[in-house]
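A.B. asks: Here you go, one structure.
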Amino acid sequence: MAKDINVAIVGTKFMGRAHSNAYVDVSHFFDLPLHPVMRAACGRDAAGLQSFAARFGWQSTETSWEKLVTRDDIQLVDICTPNQTHMPIAVAAARAGKHVMCEKPMARNADEARRMLDAAQEAGVRHMVAFNYRRVPAILLAHELIDQGKLGDIMHFNAVYYQDWLVDPSAGATWRMDAQEAGSGAHGDLNAHVVDLARFLAGEVAAVSGMQDTFVKERPRGDGKGMVPVTVDDATSFLARFQNGASGYFFSSRMCTGRKNYLRLEVFGTKGSVAFNLERMNELEFYSREDLDAEQGFRNILVTNASQPFISAWWPPGHIIGWEHTFIHEVRDFLTAIAAHEPVHADFYDGLRCQQVLDAAVTSASTGRWVDIPLT
Ligand code: SOE
């Protein structure tokens, strides 16, 4: 019989909904050592908060995260707020002895990420950054193939993350376009995912050379009264050198007309290659030089066999899963790690490393020089 763990969520919008759905569903599909009790939801907008809590089944509400994180009846705090609040909430929650799940990017910069890691380690709580794409079964299969040596030595990791929701200059300004609130634009929002996947699949990034663009310099205010300056990047790209000698490129933009959530990555090794596209997230392309000449070519693997990670909890082969399942998988792994008193990845150290790579790309873009990223 699973023991209960009381969960609180901070943030009621896009990610708040994705994570809430995960807490609702996870025990229905996975056998868990801990059963999440959806104890409290916290948000600034009191009216929206009530309907959010009622819709997902959060038992109580708070409009102050400061109060929420010190409540005795909470053991896990899940942070789904705009980026500038990640650090203060995570630090306060950890100091109050709560396990902490935090949305990506972990912070606005590496200094904040470091403070979060220190607080979690000092408090001895479990910590996780919600890099949900690590829990796409096709990505896990890619990881397994690389681990088994089927790609040989990795020579390249290349990735693009294209979205187009800011191509229209009349699209209104939100916190995501404000450097104070978000830290960065496409870079923290999209490159953060890709850097995490690069570290997961290809290893540590050693040095980068970056470039940033902001094509639309101001946007209409949310209330329609005038314009506000855009203080983040619309697009950031960088070349990378990995510690294992591999090279690669990263390109993220919200100005890729026609592309909605197109994360494509390719890993090329001496013996084989894999390629993945998030918009076809149940599939993995795999090429092996060990195939006979006549058979050689990329195979398209539909990653829905029961033997593949997480799939046995879902549907028979070919009955595909979706984007929301990745959040359910990460909640499953976080609860399992808390019960086992074991670390879980991506943790706050992974989040800090990712942030160091992102920061280095920004420094490089402003100086025009390659920037090294020492291991710390
Ligand atoms: C919006 O740009 C967004 O939803 C990101 O915030 C998510 O992390 C990414 O998975 C998809 O795009």
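A.B. asks: Evaluate the following for Arg241: is it over 18 Å from the mean Cα position of the chain (by Cα), at negative phi and touching a residue at least 24 places away in the same chain (Cβ under 8 Å)?
C.D. replies: So Arg241 fits the description; yes.
A.B. asks: Among the numbered criteria (1) farther than 12 Å from Phe251 by Cα; (2) more than 13 Å from the ligand (Cβ to nearest atom); (3) not acidic (Asp, Glu), which single criterion is violated by Ala182?
C.D. replies: (2)
A.B. asks: I'm checking my understanding of the structure. Among residues of region 172-190 that are in a helix (DSSP H, G or I) and among the acidic types (Asp, Glu), which one is nearest to the chain's Cα centre (by Cα)?
C.D. replies: Asp189
A.B. asks: Of the residues in region 191-212, how many are open to solvent by 30 Å² or more (accessible area, probe 1.4 Å) and either in a strand (DSSP E or B) or farther than 25 Å from Val274 by Cβ (or both)?
C.D. replies: The qualifying residues number 3.
A.B. asks: Here's something else I'd like to know. Conditions first: (1) under 30 Å from Ser307 (Cβ atoms); (2) within 16 Å of the ligand (Cβ to nearest atom); (3) β-branched (Val, Ile, Thr). Ile154 passes all but one, so which condition is the exception?
C.D. replies: (2)
A.B. asks: Go through region 45-72 residue by residue and tally those that are surrounded by fewer than 22 Cβ atoms within 10 Å (Cβ to Cβ), at pLDDT 95 or above and not in a helix (DSSP H, G or I).
C.D. replies: Number satisfying all stated conditions: 10.
A.B. asks: Moving on. Taking into account only those residues within region 119-134 that are in a helix (DSSP H, G or I) and open to solvent by less than 20 Å² (accessible area, probe 1.4 Å), which is farthest from the ligand (Cβ to nearest atom)?
C.D. replies: Ala119
A.B. asks: I've got another one for you. Is one or more of the residues making up region 281-294 modelled with pLDDT under 95, open to solvent by 100 Å² or more (accessible area, probe 1.4 Å) and closer than 21 Å to Gly149 by Cα?
C.D. replies: yes
A.B. asks: Follow-up question, since we're still on this one. When region 3-48 is examined, which residues are found to be away from the ligand (no atom under 16 Å from the Cβ), in contact (Cβ under 8 Å) with a residue 40 or more places away in the chain and small (Gly, Ala, Ser)?
C.D. replies: Ala8
A.B. asks: Given the condition more than 26 Å from Tyr23 (Cα to Cα), of a type in the set (Phe, Trp, Tyr) and either under 19 Å from the mean Cα position of the chain (by Cα) or open to solvent by 10 Å² or more (accessible area, probe 1.4 Å) (or both), answer yes or no: does some residue in region 311-333 qualify?
C.D. replies: The answer is no, given that none of the residues of region 311-333 is more than 26 Å from Tyr23 (Cα to Cα), of a type in the set (Phe, Trp, Tyr) and either under 19 Å from the mean Cα position of the chain (by Cα) or open to solvent by 10 Å² or more (accessible area, probe 1.4 Å) (or both).
A.B. asks: Report yes if Phe298 is more than 16 Å from the ligand (Cβ to nearest atom) and within 28 Å of Trp370 (Cα to Cα), otherwise no.
C.D. replies: Answer is no for this residue.
The values are calculated or read from the model by the stated rules, or taken from the named source; none is laboratory data. Quick caveat: nothing in here was measured; it's all calculated off a predicted structure. Heads up, the Cβs are rebuilt from the backbone with ideal geometry, glycines too, and the neighbour counts pull from every protein chain shown. To get the accessible areas, we keep the full protein, side chains included, count just its heavy atoms, and leave off ligands, DNA and RNA. Shrake-Rupley method; radii C 1.70, N 1.55, O 1.52, S 1.80 Å.
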